[in-house]
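Asker: Got a structure for you, questions after.
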Amino acid sequence: AIVEAANAALTPEADAALRAAGVPVLPDIFANGGTVVVSFFEWVQNSQNMQWEEDDVKRSLDRYITDAYDALLREAAAHPGISLRLAGYLVGLRRLQRADAVRGHS
């Protein structure tokens, strides 16, 4: 298995070759997501002038990452043969579509 720890670390050709060889690739959009989530937590704390305990941050981060990974796997299972990268894009696009509908756009 490969964890893409840098943004777009694999070329499209390498991604395709690894997929053809049956090597699962956890894409950068997921692998780097924890830092984005924790940055959001920091923004919330700063905007509310509060400080969370480290255990609370870890627990919340674990929940977000676990939920995201479960969504990624569900999407990949719903579309056999697609990469985890494409599954991640589909999850993200579906969430954007729902948010747009909630806002009254469509």
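The values are calculated or read from the model by the stated rules, or taken from the named source; none is laboratory data. Just so it is clear, the structure is predicted and the values come from calculations on it, not from any experiment. All Cβ positions, even for glycine, are placed from backbone atoms using ideal geometry, and neighbour counts span all protein chains on display. For the accessible areas, the whole protein counts, side chains as well, though only heavy atoms, and no ligand, DNA or RNA atoms are used. Shrake-Rupley method; radii C 1.70, N 1.55, O 1.52, S 1.80 Å.
Asker: Starting from the range 78-93, take each residue that is open to solvent by less than 30 Å² (accessible area, probe 1.4 Å) and list its partners that are assigned to a loop (DSSP other than H, G, I, E, B), counting only C-beta distances under 6 angstrom and pairs at least six apart or across chains.
Answerer: These pairs meet every condition: Gly88/Pro27.
Asker: Test each condition in (1) crowded, with 16+ Cβ neighbours inside 10 Å; (2) among the hydrophobic types (A, V, I, L, M, F, W, C); (3) in a helix (DSSP H, G or I) for Leu73 and report the one that comes out false.
Answerer: Looking at each condition in turn, Leu73 falls short on (1).
Asker: Give me a count of the residues in the range 8-53 that are more than 25 Å from Leu93 (Cβ to Cβ) and of a type in the set (Gly, Ala, Ser).
Answerer: The number of residues fulfilling the criteria is 4.
Asker: Those residues that are surrounded by 10 or more Cβ atoms within 10 Å (Cβ to Cβ) and not in a helix (DSSP H, G or I), I need them from the range 13-50; list them, please.
Answerer: Once the filter is applied, which keeps residues that are surrounded by 10 or more Cβ atoms within 10 Å (Cβ to Cβ) and not in a helix (DSSP H, G or I), the range 13-50 yields Val23, Pro24, Val25, Leu26, Pro27, Asn32.
Asker: Then there is this: Taking the stated definitions as given, is Ala9 open to solvent by less than 80 Å² (accessible area, probe 1.4 Å), of a type in the set (Gly, Ala, Ser) and touching a strand residue (DSSP E or B) at 6+ places or on another chain (Cβ under 9 Å)? Spell out the reasoning first.
Answerer: Details: open to solvent by less than 80 Å² (accessible area, probe 1.4 Å): yes; of a type in the set (Gly, Ala, Ser): yes; touching a strand residue (DSSP E or B) at 6+ places or on another chain (Cβ under 9 Å): yes.
Spelling it out, Ala9 is indeed open to solvent by less than 80 Å² (accessible area, probe 1.4 Å), of a type in the set (Gly, Ala, Ser) and touching a strand residue (DSSP E or B) at 6+ places or on another chain (Cβ under 9 Å).
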